[in-house]
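Novice: First the structure, which I've put down as structure tokens, then a few questions once you've had a look.
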Amino acid sequence: MAAGAKLTDAPKLVHVSVDGKLIEAREGEPLLQAMLNAGLDIPHYCYHPKLTIDGSCRLCQVRIEGIPKLQISCNTQVREGMVVHAADPEVALARRGVEELLLLNHPLDCPICDKAGECWLQNYAMRFGSRFSRTRDPRRKEEKRLDIGERMLLDQERCILCRRCVRFCREISKTGELHVFHLGDRSVLDIYDRRLDNDYSMCTADICPVGALETKDFHHKVRVWFLEETASVCPSCSNGCNVMLCTYKNRIWRLIPRRNDAVNQTWMCDAGRLNYGFVMDPARLRTPRVAQADGVADADWKVAIAHAATELDTFRKRHGGKALGAVVSAHLTNEENYRFGELMRALGVERRAMAVRRGKFDDFLIKADKAANARGARELGLVAGDDDGLAGLLSACETGEIKGLYLCSDDLLELVDGSRLAVVLERMDLLIAHNLKLQPLLAKAAVVFPTTTFAEKDGTFTNHAGRVQRIHQALPPTAGWLTDGEVFTRILNHLESRQERFELPRIWDSMAENGTAFAQLSFDEIDPYGVPLETKMRP
Ligand code: FES
């Protein structure tokens, strides 16, 4: 290393005065971003922190001392000693002019627009615009509800030509479907000769400041002011994109990305965004199912847990714990999987496997592992090997070495050939399962517990890169419902005559005491953006 070279290249900080308030900023960063970082409320449309600067809307204008004309702050770099005025009469007049121009041809169809309530045009017009229109000419007519993609609609009349969506398609999805055609007051947003069907197409609706781009999935479903937002993590692949679950009347209405620069910036894929219907699936198992002499019947949770504990104890005495195999779930949280590991240890289980579905991936956000917490289960030491032990477990079942199975995974039923799995499951002396639905393959199970989805519980997932992130309960389960972690805990209590509870801080204490990979993390510091496992584990 050259003499005098620094280990880190920390950006130089400069100081800028904005309306008399001194703010600190990184030298060279956009003035608008510096003001937003300082918590100042500066109106803007076309600027987006993850896209190149367009400078087309002109709403972010400010007065800078020493420069005769107003400047757009998104395309002005900060420098030491800059004196900025963002709230003086000249700036206010300019903003009102911009708003008036943008509203000249706007259809004002807010009552039927999905964006109403979170529309930047609506909000800024109310705050900075004029309360009356000076125009008498009819408004320009363009196409409405244009079907431009499998998941997207375009309303050309509402578009304010900020070109965020155009830049997104060029710079992020790199598919370039959208473009502003024609010039001047004839300019119109449209698609080229291909539809807006890229894997991230629905992000264009997130970044559209008005309701020009709408998703078909959310179209005319519910007004946004009714929605409650809960911070969570997308369960659909191991990338662990940060999301907001938007709920109303006990159901999910949409998933939208939540900014986390270390994981997904401000984006998420369409497949993940649309994967929430299974939470409200009417075919979901809602009550434990217990095998009885005359068939299978619904059972109270307490009865089902006692029955599962008795069956496991009997099996252990008859065959020994080594004859029981376990299938871990990559959809359960770290805490649930830790408790499942404790249960399996108490039973003497040695052979464990994990079934993870694999599918389409790209070099951006979409990962091949189609579950949120495969890495977490591996870090806990529950499974090992290239296939997470699945082939070995299945052949041990086929040779008779394994005579009973505790299955926590829906994915196993999709991953393994149905006829092969049917033969394996048929041979088992004991089968206990946690599943979303009652599957015919589980007909022989002594107990099937309904599993709890990511939207209905608290806990953590570990993404593919080892980042531990919190999920939060967005939908309350029905009265008396027990999560998978609570079921494992209660079975363990039966077997070991103890009175443990499934409480996250206590599980984290236990994970630390037992020297797991999570030992050096603190549960309280995980929110809101997660903590990388490896970094924390370095001395
Ligand atoms: Fe600066 Fe649009 S945000 S010109």
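Novice: How many residues are within 20 Å of residue 127 (Cα to Cα), more than 9 Å from the ligand (Cβ to nearest atom) and surrounded by fewer than 24 Cβ atoms within 10 Å (Cβ to Cβ) when one looks only at region 30-62?
Specialist: Our first condition is that a residue be within 20 Å of residue 127 (Cα to Cα); within region 30-62, this holds for 32, 35-36, 39-47, 57-62.
From what is left, the residues that are more than 9 Å from the ligand (Cβ to nearest atom) are 35-36, 39-41, 62.
If we keep only those that are surrounded by fewer than 24 Cβ atoms within 10 Å (Cβ to Cβ) as well, we get 36, 39-41.
Final tally of qualifying residues: 4.
Novice: For region 122-160, name all the residues that are more than 17 Å from residue 187 (Cα to Cα), touching a Leu at 6+ places or on another chain (Cβ under 9 Å) and not charged (D, E, K, R).
Specialist: Scanning region 122-160 gives 124, 125, 128, 129, 130, 133, 135, 148, 149, 152, 153.
Novice: Next question, about the same structure. Under 6 Å by Cβ, and 6 or more places apart or on different chains, what pairs join a residue from region 33-59 that is within 17 Å of residue 168 (Cβ to Cβ) with one that is within 11 Å of the ligand (Cβ to nearest atom) and hydroxyl-bearing (Ser, Thr, Tyr)?
Specialist: Sorted first by the residue in region 33-59, then by its partner, the pairs are 46/56; 57/45.
Novice: Would you point out which residue out of 353, 377, 308 is surrounded by 15 or more Cβ atoms within 10 Å (Cβ to Cβ), touching an Asp or Glu at 6+ places or on another chain (Cβ under 7 Å) and not in a loop (DSSP other than H, G, I, E, B)?
Specialist: Details: 377 fails: touching an Asp or Glu at 6+ places or on another chain (Cβ under 7 Å); 308 fails: touching an Asp or Glu at 6+ places or on another chain (Cβ under 7 Å).
Just one listed residue meets the conditions, 353.
Novice: Please name all residue pairs, on different chains or six or more residues apart, with Cβ atoms under 8 Å, provided the first residue is in region 74-96 and is in contact (Cβ under 8 Å) with a residue 40 or more places away in the chain and among the basic types (Lys, Arg) and the second residue is assigned to a strand (DSSP E or B) and within 14 Å of the ligand (Cβ to nearest atom).
Specialist: 95/61
Novice: Would you mind stating whether residue 116 is aliphatic (A, V, I, L, M), at pLDDT 95 or above and more than 16 Å from the ligand (Cβ to nearest atom)? Write out each step before concluding.
Specialist: Numbers: aliphatic (A, V, I, L, M): yes; at pLDDT 95 or above: yes; more than 16 Å from the ligand (Cβ to nearest atom): yes.
Here the answer is yes, as residue 116 does meet what is asked.
Novice: Something else: Might you let me know whether region 75-86 holds any residue that is away from the ligand (no atom under 16 Å from the Cβ), open to solvent by 40 Å² or more (accessible area, probe 1.4 Å), of a type in the set (Lys, Arg) and closer than 30 Å to residue 226 by Cα?
Specialist: Checked region 75-86: no residue is away from the ligand (no atom under 16 Å from the Cβ), open to solvent by 40 Å² or more (accessible area, probe 1.4 Å), of a type in the set (Lys, Arg) and closer than 30 Å to residue 226 by Cα.
Novice: A further question follows. Looking at region 178-189, which of its residues are open to solvent by 10 Å² or more (accessible area, probe 1.4 Å) and free of Cβ contacts under 8 Å to residues at least 40 places away in the same chain?
Specialist: Taking region 178-189 as the starting set, the residues that turn out to be open to solvent by 10 Å² or more (accessible area, probe 1.4 Å) are 179-188.
Across region 178-189, the qualifying residues are 179, 180, 181, 182, 183, 184, 186, 187.
Novice: Oh, and also: Go through the residues of region 14-28 one by one and say whether even a single one is within 28 Å of the chain's Cα centre (by Cα), of a type in the set (Gly, Ala, Ser) and away from the ligand (no atom under 11 Å from the Cβ). Before you say what the answer is, go through the steps one by one.
Specialist: Narrowing region 14-28 to residues within 28 Å of the chain's Cα centre (by Cα): none.
Within region 14-28, none of the residues are within 28 Å of the chain's Cα centre (by Cα), of a type in the set (Gly, Ala, Ser) and away from the ligand (no atom under 11 Å from the Cβ).
Novice: Show me the helices (runs of 4 or more DSSP H) found entirely inside region 384-492 where at least 1 residues are more than 30 Å from residue 241 (Cα to Cα) and open to solvent by less than 10 Å² (accessible area, probe 1.4 Å). Before you say what the answer is, go through the steps one by one.
Specialist: Details: elements: 390-399, 411-415, 418-427.
In region 384-492, 390-399, 418-427 are the helices (runs of 4 or more DSSP H) which contain 1 or more residues that are more than 30 Å from residue 241 (Cα to Cα) and open to solvent by less than 10 Å² (accessible area, probe 1.4 Å).
The values are calculated or read from the model by the stated rules, or taken from the named source; none is laboratory data. What you see is a predicted model; the values in this text were computed from it and never measured. Ideal geometry is used to build each Cβ from the backbone, glycine not excepted, and the neighbour counts take in all protein chains shown. Heavy atoms of the whole protein, side chains included, go into the accessibility calculation; ligands, DNA and RNA do not. Shrake-Rupley method; radii C 1.70, N 1.55, O 1.52, S 1.80 Å.
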